Amino acid sequence: SSGINAEYGVSEQFKVLRAFRAVLFLSVEDLCTVRNVPKPMLLNHMFSRAGDALLSPYKVAGWSPSQYVAWLYSHPYEVVDMIQGTIQWYEDMIRESGAPAFDPIYPHIIKLLQN
């Protein structure tokens with residue numbers, strides 16, 4: 001078994017799912033303080049709140065959402081690395097384009113990656 005199934009039994013999966021429900025209503029600032037939801041889930045959720053320029057990891061990879069989900073389940077320990085690669089791509093794109101600012105959620109993603 002892999003993905004969240006590898007790390008959590010059924011009762012733990014249910015607890016994570018219930019905890020994630022609360023995440024949907026938190027401010028971006030408060031997302032960085034959540035401790036009862038796995039970091040990869042929080043990071044992917046943050047991308048869903050970002051503007052159009054900060055692409056989700058699956059878009060940067062050129063995958064469909066279903067391909068990304070399949071990859072997430074088969075590579076559970078590589079998710080944060082992929083997200084860090086996405087952030088590196090985004091930083092490079094912003095520098096090269098001369099855009100005036102980063103997406104407002106960017107510093108929160110960085111903070112969560114560093115925790």
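The values are calculated or read from the model by the stated rules, or taken from the named source; none is laboratory data. These figures come from a predicted structure and were not determined experimentally. A quick note on method: Cβ atoms are made from the backbone with ideal geometry, for glycine too, and the neighbour counts reach across all protein chains shown. For accessibility, only protein heavy atoms count, side chains too; no ligands or nucleic acids. Shrake-Rupley method; radii C 1.70, N 1.55, O 1.52, S 1.80 Å.
Residue 35 to residue 74: extension gain in nm, 0.36 nm per residue of separation minus the Cα-Cα distance?
Taking 0.36 nm per residue and subtracting the Cα distance, the gain is 11.7 nm.
Can you send over the carbon and sulfur percentage of the accessible area for region 15-115, probe radius 1.4 Å, protein chains only?
57
Between rounded, prolate and oblate, where does region 1-98 land on the alpha carbon gyration tensor, with a ≥ b ≥ c its root eigenvalues, rounded for a/c under 1.5, else prolate if a/b exceeds b/c?
oblate
Would you work out the charge dipole size for the chain about its Cα centre, treating the Cβ of every Lys and Arg as +1 and the Cβ of every Asp and Glu as -1, and quote it to the nearest 20 debye?
Magnitude of the dipole: close to 400 debye.
Which shape class applies to region 75-115: rounded if a/c is under 1.5, otherwise prolate when a/b exceeds b/c and oblate if not, where a ≥ b ≥ c are the square roots of the Cα gyration tensor eigenvalues?
It comes out oblate by the Cα gyration axes.
Once the Cα atoms of helix 39-49 and of the chain are each reduced to a long axis, what angle between those two axes, in degrees from 0 to 90 to the nearest 10, is obtained?
Its long axis makes an angle of about 50 degrees.
So what's the angle, to the nearest 10 degrees on a 0 to 90 scale, between helix 79-97 and the longest Cα principal axis of the chain?
On a 0 to 90 degree scale, this one is about 10.
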